[in-house]
Amino acid sequence: MTGGVPLAEVVRSGFVEGLHRGSVVVLDASGAVIDSAGDVKSPMFPRSSNKPLQAIGMLRSGLRLVDPADLALVCASHFGEDHHVARVRALLRSAGLDESALRCPPDLPLHKATAEAVLRAGGGPSRVQMNCSGKHAGMLLTCLASGWSLEEYWLPEHPLQVRLRAAVEEFTGEPAAAVGVDGCGAPVLAASLAGLASAFLRLVSGAPGSVERTVADAMRAYPEVVAGSGAEDTLIMRAVPGLLSKGGAEGVMAVAVPDVGAVALKIEDGQMRARMPVVVSALRRLGVDASELAEVPILGGGEIVGAVQAVW
């Protein structure tokens, strides 16, 4: 995806040393575009920002979870902290499965201290620690609930993935412009930023008890499960009551606030550090204050010497 405009700048010691280009769209509570920058209509891969929409497809296909925190885990790009790994393992055990059923690739936890502890203990990468293991566990349980084969559950032609694609297309209001292989091996479906923002607005605007509202409520109730200690999604959902947030790789992020509006963005160079300043700036246009998250520190010699900040 190209067509981005300058959205954030990198300031070191008072000197602007770089710019992050990208695209962003802001919708009001009715779904109307009230502001945008760059290309918000061309398709891009939302990456993990698609997970809440895929979770809708799982619930519609028979997935039943007693604990809402487990549903948050299915939507998560978790940091692989001990509580995340324990919850994935418990979810698999509840269906008579173990980690060998997962087909996401082995990885170390995204949480630095946890990864270091794993290595100190003589451990290494594993599938259960991979940030998408909750989604894969949810897909496996959905297959069992629907009577579908667990073999090749991650392939686009599998009945599970056909149902998940239908949910993504329904909520974005767009046919998938492309189907790719996500970092976890499962399909990733291309949509526009406008479509992604619209989908997130529908998530938080759903009637209580609706499948979309059930997903949004679970994520908002358990932001530490959705991401982890110090993670952007966790921080902003804690900072703004009622806000739903889900980031994706390559600089994607989508947020929505009920009765207020929604935002979706993509940083063109894929740098994650530019996402939060731009989201905070976009939310300001909706009258939502998250100013404590407006700048990402830049370090020099171990000290803060600047920041990544929005210019849009």
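The values are calculated or read from the model by the stated rules, or taken from the named source; none is laboratory data. Not measured: the values here are computed from a predicted model. In this analysis, Cβ positions are derived from the backbone assuming ideal geometry, glycine residues included, and neighbour counts consider all displayed protein chains. These area figures cover heavy atoms from the full protein model, side chains too; ligands, DNA and RNA do not enter into them. Shrake-Rupley method; radii C 1.70, N 1.55, O 1.52, S 1.80 Å.
A compact table of results
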item	result
Distance (nanometres) between label positions extended 7 Å along Cα→Cβ at residue 284 and residue 210	3.2
CD proxy at 222 nm, helix term only [per DSSP H run n ≥ 4: -39500 (n - 2.57); per residue of the chain; nearest 500]	-10500 deg cm²/dmol
Accessible surface, the chain, averaged per residue in Å² (probe 1.4 Å)	40
Cleavage-rule hits, GluC sites (Glu not before Pro), the stretch 149-198, DSSP coil, Cβ neighbours within 10 Å at most 16	151, 152, 157
Computed label-point distance, nm, for sites residue 291 and residue 221 using a 7 Å Cα→Cβ extension	3.4
Residue 86/residue 304 FRET efficiency (R0 35 Å; Cβ-Cβ; nearest 0.05)	0.50
Pairwise centroid distance, computed over Cα atoms, of the stretch 177-229 with the stretch 261-293, Å	17
The stretch 97-127 and the stretch 51-93: distance between their alpha carbon centers, rounded to Å	17
Helix axis angle, 193-205 relative to the chain longest principal axis, alpha carbon, degrees	70
Lone cysteines, the chain (no partner Cβ under 4.7 Å)	75, 143
Shape category assigned to the stretch 176-230 from the gyration tensor of Cα positions, a/c cut at 1.5	oblate
The chain: angle of helix 275-284 to the longest principal axis, Cα-based, in degrees nearest 10	70
Gyration tensor verdict on the stretch 1-55 (Cα atoms; rounded if a/c is under 1.5, prolate if a/b is larger than b/c, oblate otherwise)	prolate
Residues residue 15 and residue 95, FRET efficiency given R0 of 51 Å [Cβ-Cβ distance, rounded to 0.05]	0.40
Segment residue 121-residue 259, extension gain: residue separation times 0.36 nm, minus the distance between their alpha carbons	44.9 nm
